[in-house]
Amino acid sequence: MNRFEKIMVNNSDSELLKIVKEQRGDYEQDAVEAAEKELATRNLSTEQIFKAEEKNEAHKQARIDRANTELGDGWKALTFIFPGLLPLLLSGALKADGYTRKAKELSKFTFYGFGFYIGILILVMIISQLG
């Protein structure tokens, strides 16, 4: 009995199938073997396997959808008008939650806002030097 067998007993059918079929390289060989052994012990029917794989596919699609969710126009405008550290911190939190596109767009509009205000400042300085 390897050290992972007790852990794998607590995993759902879909989690075990994900380990065995999709994430083999992410786990130690003993963990994969324990997952395979647990699946064999459960003796799943074709229907149970189909449902578990369907659940895994739904989770995968949800992650993809989350990663591709666009940042709203209101947030873009607020971030552009009020750039600062807070939007950058929020961007990191969004990325950690899987909202990759939102995080990139939030950072982008924060930097656009900084650039806008720096450009205005430079323009004011140039105008004041001329007058």
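The values are calculated or read from the model by the stated rules, or taken from the named source; none is laboratory data. All figures in this text were calculated on a predicted structure; none of them were measured in a lab. All Cβ positions, glycine included, derive from the backbone under ideal geometry; neighbour counts span all protein chains shown. What goes into the accessible areas is simple: the full protein's heavy atoms, side chains included, and nothing from ligands, DNA or RNA. Shrake-Rupley method; radii C 1.70, N 1.55, O 1.52, S 1.80 Å.
For the range 17-41, a tally of residues being of a type in the set (A, V, I, L, M, F, W, C) and touching a residue at least 24 places away in the same chain (Cβ under 8 Å) returns 5.
Restricting Ala67, Ala34 to those that are of a type outside the set (Phe, Trp, Tyr), over 30 Å from Ile118 (Cβ atoms) and in contact with a Gly (Cβ under 9 Å, 6 or more places away or on another chain) reduces the list to Ala67.
Checked against (1) among the hydrophobic types (A, V, I, L, M, F, W, C); (2) under 23 Å from the mean Cα position of the chain (by Cα); (3) farther than 30 Å from Phe114 by Cα, Trp75 meets all criteria but (3).
Restricting attention to the range 51-74, the residues that are touching a helix residue (DSSP H, G or I) at 6+ places or on another chain (Cβ under 7 Å) and closer than 27 Å to Thr110 by Cα add up to 5. For the range 8-23, filtered to residues that are open to solvent by 60 Å² or more (accessible area, probe 1.4 Å), of a type outside the set (Val, Ile, Thr) and more than 20 Å from the chain's Cα centre (by Cα), the residue that is farthest from Gly98 (Cα to Cα) is Asn10. Looking across the range 24-34 at every residue that is assigned to a helix (DSSP H, G or I) and among the charged types (D, E, K, R), the one that is farthest from Ser14 (Cα to Cα) is identified as Asp30.
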